[in-house]
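Novice: Please read through the structure below; I'll follow up with questions.
Laboratory data are not the source of any read-out in this text; all were calculated from the coordinates shown. Predicted, not measured: the structure shown is a model, and the values here were computed from it. Cβ sites come from the backbone with ideal geometry, for glycine too, and all protein chains shown count toward neighbours.
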Amino acid sequence: MAGFLSVLRRIYLSVYNWAVFFGWFRVLYLALNTLRESNYGKVYGAVERPLQLAQTAAVLEILHGLVGLVRSPVSATLPQIGSRLYVTWGILWSFPEVRGHFLVASLVISWSITEIIRYSFFGVKEALGFAPSWLLWLRYSTFLVLYPTGISSEVGIIYTAIPYIKASEKYCIRMPNKWNFSFDYFYAAIVALGIYVPGSPHMYQYMLGQRKKALSKIKAA
């Protein structure tokens, strides 16, 4: 029974990883094609739906960690996925005014290249039981550039959206109300920006540690 469940787990994770891989591949293709044929202001319109689908699918990775399908700690997965979902839905989808910013193009390209490499790595590993050393190197090295560009784009887009968030009062809850509770999305966005300050270096250091462990296996082999 345990052997059957193990095979079932590998099949499921292989399908999941390759499905999301193709989603991100489409995002990258559409983004680059739009940049070639038009300009950065048109990128979001071209990638909106596949970007939303590919990024939202990552919620399953939190569940994978919670139920023990993967060994990745939820404490590391949750902040990264949460911040991306916030930018995808809480900023880009919610405030159309920022969609034409050049940082959207750099965000989409940074995210998509990162995820194409990551999901292909896990897809190959689940399907074959191992990943080639060159793919392992890509998985744990490209973030050295793509993580800073992605994070900088996220912060820049949130910052750009701040005036529109304040003016619109979208998602705000004002007193009085039956819950006796108030919420201001403007201040929530400020807090989100503040979290990036200690959170980004912490995540970068964590990934550097993971890189050191992963690449030591290549040297040992």
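Novice: Convex hull volume of the Cα atoms in the range 91-169, per residue, in Å³?
Specialist: Here the figure is 89 Å³ per residue.
Novice: Can you put 93, 24, 18 in order, fewest other beta carbons within 10 Å first?
Specialist: Result, fewest neighbours first: 93, 18, 24.
Novice: Residue 29 versus residue 188, label points 7 Å from Cα toward the beta carbon: distance in nm?
Specialist: 3.6
Novice: Here is a further query. Show me, for the range 27-43, the HN-Hα J-couplings you get by feeding each phi into the Karplus relation (A = 6.51, B = -1.76, C = 1.60, θ = phi - 60°), rounded to Hz, glycine and proline as x.
Specialist: Running phi through 6.51 cos²θ - 1.76 cosθ + 1.60 with θ = phi - 60° gives 4, 5, 4, 5, 5, 5, 5, 5, 5, 6, 8, 9, 8, 4, x, 9, 4 Hz.
Novice: Follow-up question, since we're still on this one. Over all distinct Cα pairs, what is the inverse of the mean 1/r for the range 129-195, reported as the Kirkwood hydrodynamic radius in Å?
Specialist: 15.1
Novice: What is the gain in length, in nm to one decimal, between residue 102 and residue 166 on full extension, counting 0.36 nm per residue of separation less the C-alpha to C-alpha distance?
Specialist: Once the chain is fully extended between residue 102 and residue 166, it gains 20.9 nm.
Novice: Show which aspartates and glutamates lie in cross-link reach of residue 125 when reach means a straight Cα distance below 19 angstrom and same-chain residues fewer than eight apart are skipped.
Specialist: Partners found: 61, 115.
Novice: For the range 1-126, what D do you get in µm² per second when you plug the Kirkwood radius from alpha-carbon pairs into Stokes-Einstein at 20 °C and 1.002 mPa s?
Specialist: It diffuses with D of about 139 µm²/s by this estimate.
Novice: Read phi for every residue in the range 185-197 and hand back ³J(HN,Hα) as whole Hz from Karplus 6.51 cos²θ - 1.76 cosθ + 1.60, θ = phi - 60°, with x for Gly and Pro.
Specialist: Coupling constants for the range 185-197: 5, 4, 6, 5, 5, 5, 4, 4, 4, x, 5, 4, 4 Hz.
Novice: Restricting attention to the range 1-83, which trypsin sites (Lys or Arg not before Pro) occupy a DSSP loop and are surrounded by at most 13 other Cβ atoms within 10 Å?
Specialist: Sparse-neighbourhood loop trypsin sites (Lys or Arg not before Pro): 71.
Novice: Can you pull out the trypsin sites (Lys or Arg not before Pro) in the range 175-215 whose DSSP state is coil and whose Cβ has at most 16 other Cβ atoms within 10 Å?
Specialist: 178
Novice: Kindly express, to the nearest 10 degrees and within the range 0 to 90, the angle between helix 143-168's C-alpha long axis and the longest C-alpha principal axis of the chain.
Specialist: Helix 143-168 sits roughly 20 degrees off the main axis of the chain.
Novice: Can you give the angle from 0 to 90° between the axis of helix 102-128 and the longest principal axis of the chain, with both taken from C-alpha atoms, to the nearest 10?
Specialist: In the chain, helix 102-128 runs at an angle near 30 degrees to the longest axis.
Novice: Could you give the radius of gyration (one decimal) and Dmax (whole number) of the Cα atoms in the range 2-220, in Å?
Specialist: Over the range 2-220's Cα set, Rg and Dmax evaluate to 18.9, 64 Å.
Novice: Restricting to DSSP H runs of at least four residues, report the calculated mean residue ellipticity at 222 nm for the chain, -39500 (n - 2.57) per run over all residues, nearest 500 deg cm²/dmol.
Specialist: Mean residue ellipticity, 222 nm, calculated: -26000 deg cm²/dmol.
Novice: For the residues 22, 122, 186, 102, what sequence is obtained by ranking on other C-beta atoms within 10 Å, fewest first?
Specialist: The order, fewest Cβ neighbours first, is 102, 22, 186, 122.
Novice: Under 15 Å from a point placed 7 Å out from the Cα of residue 57 along the Cα-to-Cβ direction: which residues of the range 1-41 have their backbone N that close?
Specialist: Under cut-off, by backbone N: 12-30.
Novice: Let me ask something else about it. Among 135, 8, which comes first, then next, by fewest other beta-carbon atoms within 10 Å?
Specialist: Ordered by Cβ neighbours within 10 Å, fewest first: 8, 135.
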